[in-house]
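Colleague: Structure provided below as structure tokens; questions to follow.
Derivation of every value follows stated rules applied to the coordinates shown; laboratory data play no part. Nothing here was measured: the structure is a model prediction, and the numbers come from that model. Neighbour counts run over all protein chains shown; Cβ positions are idealised from the backbone, glycine included.
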Amino acid sequence: MNKKFHLFHIVETRPWPLLSSIGVWILTISIVIWIQFQNTYIIFLIIILLIFLSFSWWKDVIRESLNQGFHYMDVIDGLKIGIILFITSEIFFFVSFFWGYFHRRIRPNIDIGQSWPPYWINSFDPINVPLLNTIILLSSGVSITWCHHRLLINNKKQSNFSLILTVVLGVYFTILQGIEYFQSEFNISDCIYGSTFFIATGFHGLHVIIGRTFLGVCIIRIFKIHNNMNHLIGFEAAAWYWHFVDVIWLFLYLSIYWWGK
């Protein structure tokens, strides 16, 4: 009787935020070790650990939502604000890459012959694999929007199909990007052009993999009937993230592939 009741969810003490932060910190150090010594064992171990921590954290959030009923409307609004702030931070993450790229593209140094791309680098044809990848990501944006509309009317069959199609398109995008990297005639150590190209497109490819993981969890949740017309915060977070990935790729294609050519 002495408890104070309110519409907000005070999260219980959990180890996942601290362990995830330590895991990401160790992952950063392991990447430096990989660059210096070509040792990938630590990276794989840390990635497996982070995947385990992520699923454990998500499992607690799902339990708080479905089994314990802690996700009131005010809590959902707070989660949406958190997602928006997270995506905003990701936008500024890529803004730094675009800033560096535009600076070098507009005013190339004398070290690279004051030309962009440098005369000894054979850049990719934008009307080839990059254009195909653009069509694939735009199509995945359409399919995930279709899935959202089907979930709003509680059509599980079409929502499952459209979400699986989105994940398949994401996998196809990653395969094509890997083939493009394999066939590249330059690498990340080829002056400022190689480093900006592979860092910007590589981090975007990593975000595609992360977004695809989010969508994969959403597929499992749809099959387990965790989503309904009134509670779609998990799916909406993954969908917003996927649309963010689509928009970033459009800027990458127009600036690095098309304008940079």
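Colleague: For the pair His243/Ile164, report the inter-label distance in nm, with labels modelled 7 Å from Cα in the Cβ direction.
Modeller: Here the answer is 2.6 nm between the modelled labels.
Colleague: Where does each of 235-241, 255-261, 100-106 land if you order them by average Cβ count within 10 Å, highest first?
Modeller: 235-241, 255-261, 100-106
Colleague: A follow-up question, please. Karplus couplings for segment 202-217 from phi (6.51 cos²θ - 1.76 cosθ + 1.60, θ = phi - 60°), rounded to Hz, Gly and Pro as x?
Modeller: Those phi angles translate into x, 5, 5, x, 5, 5, 5, 5, 5, x, 5, 5, 4, 5, x, 5 Hz.
Colleague: Output ³J(HN,Hα) for segment 188-200: one whole-Hz value per residue in order, computed from phi by the Karplus curve 6.51 cos²θ - 1.76 cosθ + 1.60 with θ = phi - 60°, and x for Gly and Pro.
Modeller: 5, 8, 7, 6, 5, 5, x, 5, 5, 5, 6, 5, 5
Colleague: Given contacts defined as C-alpha pairs under 8 Å and at least six residues apart, what's the relative contact order of the chain, whole-number percent?
Modeller: 21
Colleague: Something else now. Applying the Karplus parametrisation 6.51 cos²θ - 1.76 cosθ + 1.60 with θ = phi - 60° to the phi angles of segment 131-145, what ³J(HN,Hα) value in whole Hz is obtained for each residue in order, glycine and proline being reported as x?
Modeller: 5, 4, 5, 5, 4, 5, 5, 5, 5, 5, x, 5, 5, 6, 5
Colleague: Work out how much length Ile10 to Phe203 would gain on full extension: take 0.36 nm times their residue separation and subtract the Cα-Cα distance, in nm to one decimal. Show your work: numbers first, answer last.
Modeller: On the way: separation 193, 0.36 × 193 = 69.48 nm, distance 3.43 nm.
Roughly 66.1 nm would be gained on extension.
Colleague: Quick one: putting +1 on the C-beta of Lys and Arg, -1 on the C-beta of Asp and Glu, what dipole do you get for segment 72-180 around its Cα centre, in Debye to the nearest 20?
Modeller: Roughly 220 debye, rounded to the nearest 20.
Colleague: Here's another thing I want to ask about it. How many nm is it between the label spots at Phe55 and Lys156, if each spot is 7 Å from the Cα in line with the beta carbon?
Modeller: Reported label-point gap for Phe55 and Lys156 is 2.2 nm.
Colleague: Turning to a different aspect of this structure: Taking a cut-off of 15 Å between Cα atoms, list the aspartates and glutamates near Lys261, but don't count ones fewer than 8 places away on the same chain.
Modeller: Hits, sequence-local ones excluded: Asp125, Glu185.
Colleague: Greater than 20 Å separation of Cα atoms is the criterion. Which listed pairs, Lys59/Lys80; Lys80/Lys156; Lys157/Lys224; Lys80/Lys157, meet it? Let's see the in-between values first.
Modeller: Details: Lys59/Lys80 18 Å; Lys80/Lys156 23 Å; Lys157/Lys224 13 Å; Lys80/Lys157 26 Å.
The pairs that break the limit, which is 20 Å between Cα atoms, are Lys80/Lys156; Lys80/Lys157.
Colleague: Something else: Determine the dipole magnitude for the chain: charges of +1 sit on the beta-carbon of Lys and Arg, -1 on that of Asp and Glu, nothing else is charged, the reference point is the Cα centre, and the result goes in debye to the nearest 20.
Modeller: Dipole magnitude for the chain comes out near 680 debye.
Colleague: Under a GNM of the chain (C-alpha, springs under 10 Å), which listed residue has the highest mean-square fluctuation: Cys218, Cys191, Cys147?
Modeller: Cys191
Colleague: Just to be sure I understand the model, the point goes 7 Å from the Cα along the line to the Cβ. What's the resulting Trp120 to Thr28 distance in nm?
Modeller: Result for the modelled spin labels: 3.4 nm.
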